[in-house]
Amino acid sequence: MSPLLLVTLCVSALYGWVAWRLQRTPLFKMACVALPLALLAHGALIYQSVLGQGDIRLGFGNSLSTILWLTALTYWLSSKGTPLARIQSWVSGLAALSVLGMLVFTEAHVIPSSQALSLRMHLVVSFLAYGLLAVAALHAVLMTMLEKQLHRGGMLQNGAPPLLTLEAMLFRTIGIGFALLTLSVFSGVFFSEELFGKPVQISHKTVFAILSWLVFGGLLLGRHFRGWRGRTALVWTITGFTLLLLAYLGTQFVLEVILRR
């Protein structure tokens, strides 16, 4: 077994162990040590896969892994004040699968290092937007579950913050994610030739990205002017993130995994 394969399996197992323990023991203290170690090792694997050979190598496997690593890292950094074991468990479980995905989906599109500077900036902003909006989507799912639990006369789980606190976290995350998504969409549209070596083209990726931007923008406007909250906000959040998934990962999956292009 190669050292790289061994490290990959160990990182996935560490994430999986954290996810399992947090489901059973929400206040599991070892997660404070194990999760940063998993994030550090996962980041090193992504660096080796994407930038380790000088050029930028992007494919479905390492793109998915990068987005989920940023999702896990973003949530870990932002949730110190209001930790939610259930979301942390979900994120860790998804990150574990994404690490294994790097072993399965190995196809990559090579971008020469001559294009690296401007393209790296675009990719960093895009992946950060994905990570933040993925956290927002998970918050929306959790809020939907908690809301249904309350409507059935149940009690919130121990340590779960009030729904109003979750709602404030949700819109704060969406606001930052939307700002980054705006930079990503408009840099891709207006600087396409400089970034990718060809003028902007109307494609599924472009259409879904713009639709996602419109949905998140509409949600923030609705929140500001009409006080949208609750189920309306949750539906818009999940819809916007679904469109964002279709814009990049969905397109990559179809082209690389299904069509083998």
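The values are calculated or read from the model by the stated rules, or taken from the named source; none is laboratory data. For clarity, every value in this text was computed on a predicted model and none was experimentally measured. We place every Cβ from the backbone using ideal geometry, glycine too, and count neighbours over all the protein chains shown.
The residues of region 83-116 that are under 30 Å from residue 165 (Cα atoms) and either charged (D, E, K, R) or modelled with pLDDT under 75 (or both), listed by number, are 83, 84, 85, 86.
Answer with yes or no whether residue 12 is part of a helix (DSSP H, G or I) and at pLDDT 90 or above. Yes; evaluated as a whole, the condition is true for this residue.
Residues are listed down the side, and each one gets a yes or a no for (1) under 19 Å from residue 119 (Cβ atoms); (2) assigned to a helix (DSSP H, G or I); (3) out of contact with any Gly (no Cβ under 8 Å at 6 or more places or on another chain):
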{"residue": "34", "(1), (2), (3)": "no, yes, yes"}
{"residue": "37", "(1), (2), (3)": "no, yes, yes"}
{"residue": "43", "(1), (2), (3)": "no, yes, yes"}
{"residue": "47", "(1), (2), (3)": "yes, yes, yes"}
{"residue": "50", "(1), (2), (3)": "yes, yes, yes"}
{"residue": "63", "(1), (2), (3)": "yes, yes, yes"}
{"residue": "66", "(1), (2), (3)": "yes, yes, yes"}
{"residue": "70", "(1), (2), (3)": "yes, yes, no"}
{"residue": "73", "(1), (2), (3)": "no, yes, no"}
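Considering region 47-61, the residues that are free of Cβ contacts under 8 Å to residues at least 24 places away in the same chain and either of a type in the set (A, V, I, L, M) or within 14 Å of residue 99 (Cα to Cα) (or both) include one that is surrounded by the most Cβ atoms within 10 Å (Cβ to Cβ), namely 50. Please verify whether residue 231 is out of contact with any Ser or Thr (no Cβ under 8 Å at 6 or more places or on another chain), among the basic types (Lys, Arg), modelled with pLDDT of 80 or more and in a helix (DSSP H, G or I), treating the condition exactly as stated. Here the answer is no, as residue 231 does not meet what is asked.
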